[in-house]
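Worksheet for the structure shown next.
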């Protein structure tokens, strides 16, 4: 992730290498996606598996705070350099925030080498040793094994992400297009509202994670999905007033509904899978949904807005559909917040025996 981000700051311009400039940018963005795909699962698992059994929701919510924290820090750094004279900003100023990411390479490597393996996985290793399982019994292709042994859990995790991921990009990304293009508002007005709501997001994510330790993962997650469905139409009604205060209210309410799902999500997804393929299973459910939900939602919303002649109701219906997919998926999932992080009734494979092994899988 850091290397790809740093390399964006070194990209030659279109004037120098022509069409290769945007092609290289897309390649680096794809590499960032691979980085996120590998890092999310590892980060949340280390948090969840190191947590006390009754605090996994709270501990697991902390890696989730990286999204709003990163958005706030990135915009703060970028705003400093955007004050440069336009010629300097276009020439070199925009590159500096990307180059700053080199610092994170060292931090990331240090953390990776400093954090010990989790108690849950050490227990898994001990069990494998006690049954005299050979090292060769470890999962050779853990992603394929997760798909083979936990297909139901992966599909349900994907479905659970549809409202969370799709709604987030509509509320934070598509809303900028709607506000500036359809409502003719200043971009700064919309950006400020999104950043203000992001600050709230940072605070409420751990609150919902902690709440899921008390009420359970499903009630909190379902509440967030219901909130998304309820807000689908009022969200645009508030935006259409073009009142700054009501715009802030709409985006903030949307972000809070999202946080109700995003907060308990890390622990919820982790608890759906057994230790052997937990890394791959949680990552597959999370990342595959990103392709079909979050990745496409701004494009679908823009197309619906265009086809309807600028009317927002088709986008609202689309948001309701996303919420319904999540509601059904979470309803069909097992409640996991009281389960041990081992093979159990809720994490039992549905496609075959999970087996044992001595090497942690890599998604």
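A few comments on the model shown:
Rundown of residues vs (1) within 21 Å of residue 282 (Cα to Cα); (2) in contact with a helix residue (DSSP H, G or I) (Cβ under 6 Å, 6 or more places away or on another chain); (3) in the same structural domain as residue 255 (by TED's automatic domain parsing), yes/no style:
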site	(1), (2), (3)
23	no, no, no
29	no, no, no
33	yes, no, no
37	yes, yes, no
47	yes, yes, no
67	yes, no, no
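- Count of residues meeting criterion [over 20 Å from the mean Cα position of the chain (by Cα) and assigned to a helix (DSSP H, G or I)] in the stretch 185-212: 7
- Elements of type helices (runs of 4 or more DSSP H) in the stretch 7-80, at least 3 residues being more than 18 Å from the chain's Cα centre (by Cα): 14-17, 20-50
- Checking the stated criteria, residue 223 turns out to be assigned to a helix (DSSP H, G or I) and free of Cβ contacts under 8 Å to residues at least 40 places away in the same chain.
- Criterion (on the phi < 0 side of the Ramachandran plot, surrounded by 14 or more Cβ atoms within 10 Å (Cβ to Cβ) and modelled with pLDDT of 90 or more) met by exactly one of 216, 209: 209
- Check on residue 273, in a loop (DSSP other than H, G, I, E, B), under 27 Å from residue 37 (Cβ atoms) and either outside the structural domain of residue 175 (by TED's automatic domain parsing) or modelled with pLDDT under 95 (or both): yes
- Failed item, numbered, when residue 13 is tested on (1) in contact (Cβ under 8 Å) with a residue 60 or more places away in the chain; (2) in contact with a helix residue (DSSP H, G or I) (Cβ under 7 Å, 6 or more places away or on another chain); (3) surrounded by fewer than 12 Cβ atoms within 10 Å (Cβ to Cβ): (1)
- The stretch 245-263 residues that are assigned by TED's automatic domain parsing to the domain that holds residue 203 and modelled with pLDDT of 95 or more, paired with ones that are buried (at least 20 other Cβ atoms within 10 Å of the Cβ) and outside any helix (DSSP H, G or I) (beta carbon under 6 Å, 6 or more apart): none
- Near pairs, Cβ below 8 angstrom, 6+ apart or cross-chain, from the stretch 90-106 (in the same structural domain as residue 14 (by TED's automatic domain parsing) and farther than 17 Å from residue 73 by Cβ) to any residue that is at pLDDT below 90 and surrounded by 15 or more Cβ atoms within 10 Å (Cβ to Cβ): 93/81; 93/84
- Annotation: of all residues in the stretch 68-89 being modelled with pLDDT under 85 and surrounded by fewer than 14 Cβ atoms within 10 Å (Cβ to Cβ), the one that is nearest to residue 201 (Cα to Cα) is 76.
- Candidates are the residues of the stretch 150-167 that are more than 18 Å from residue 217 (Cα to Cα) and surrounded by 24 or more Cβ atoms within 10 Å (Cβ to Cβ); the one that is modelled with the lowest pLDDT is 150.
The values are calculated or read from the model by the stated rules, or taken from the named source; none is laboratory data. In this text the structure is predicted, and so the values were computed from the model without any measurement. Backbone-built Cβ (ideal geometry, glycine too); neighbour counts: all protein chains shown.
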